[in-house]
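The values are calculated or read from the model by the stated rules, or taken from the named source; none is laboratory data. What you see is a predicted model; the values in this text were computed from it and never measured. We place every Cβ from the backbone using ideal geometry, glycine too, and count neighbours over all the protein chains shown. Just so you know, the surface numbers come from the protein's heavy atoms only, side chains and all, with ligands and any DNA or RNA stripped out. Shrake-Rupley method; radii C 1.70, N 1.55, O 1.52, S 1.80 Å.
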Amino acid sequence: EFRIFVESIADCALYMLDKNGNIASWNVGAERLHGYDQAEALGMSVSEFQDESADRLERTQQTLAQAQSQGSIQFESWRNRKDGSKFWAEIYIEAIFDADGLLSGYAKITRDITNAHEQEQLIKQTSANLDAALSNMRQGLCLFSADEKLVLMNDRITEIFGIRQQDCTAETTFTELFRMGLEKR
């Protein structure tokens, strides 16, 4: 029953690798995510899902060695599909040991997180743009929350009020900021 359960999960790729990093089992999610049916995937090196660089097999072996020494490893990376398209993946690899403590292979879970990755990149870029705009404004700008706590301020405020940036924390209220400015005058 457990095998049927694992093989039928379609949201993420669940598969086993042998000690050398070759695919030993393949579920429906792996087929959907990577584009290879089970017959094509079995025996294939997991390094095939990486970029086209010459050292991809070596990088795969390093990753598996790290999973073996640490017990497991989790990371994010671009992955290739059969059709040549790419997706940003969250990857978890766990080393599997037999009763004698010898390495049997690896369990691997891969999820497509491309949309989340793209949103994160957009937020970072937007934040960098806003930071640049705030830093280059000639006017002083402060943003306070509904409970009057400082959310953000630009460097120009420190010049106007004659205060230091490190004296203004997220707990600083509008009244405290104004009072600090008066004390410096």
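For the range 11-28, a tally of residues being without any contact (Cβ under 8 Å) to a residue 40 or more places away in the chain and crowded, with 19+ Cβ neighbours inside 10 Å returns 4. Name the residues in the range 57-99 that are assigned to a loop (DSSP other than H, G, I, E, B) and not acidic (Asp, Glu), would you? Gly71, Arg81, Lys82, Gly84, Ser85, Ala99 - these are the residues of the range 57-99 that are assigned to a loop (DSSP other than H, G, I, E, B) and not acidic (Asp, Glu). Checking each residue in the range 52-67 for being open to solvent by less than 80 Å² (accessible area, probe 1.4 Å) and within 17 Å of Asn22 (Cα to Cα) picks out Asp55, Arg56, Arg59, Thr60, Gln61, Thr63, Leu64, Ala65, Gln66, Ala67. Of all residues in the range 26-56, exactly one satisfies the criterion of being under 15 Å from Tyr106 (Cβ atoms), of a type outside the set (A, V, I, L, M, F, W, C) and part of a helix (DSSP H, G or I), namely Ser47. Applying the condition of being within 21 Å of the chain's Cα centre (by Cα) and free of Cβ contacts under 8 Å to residues at least 24 places away in the same chain to the range 46-64 and asking which residue is farthest from His34 (Cα to Cα) yields Gln62.
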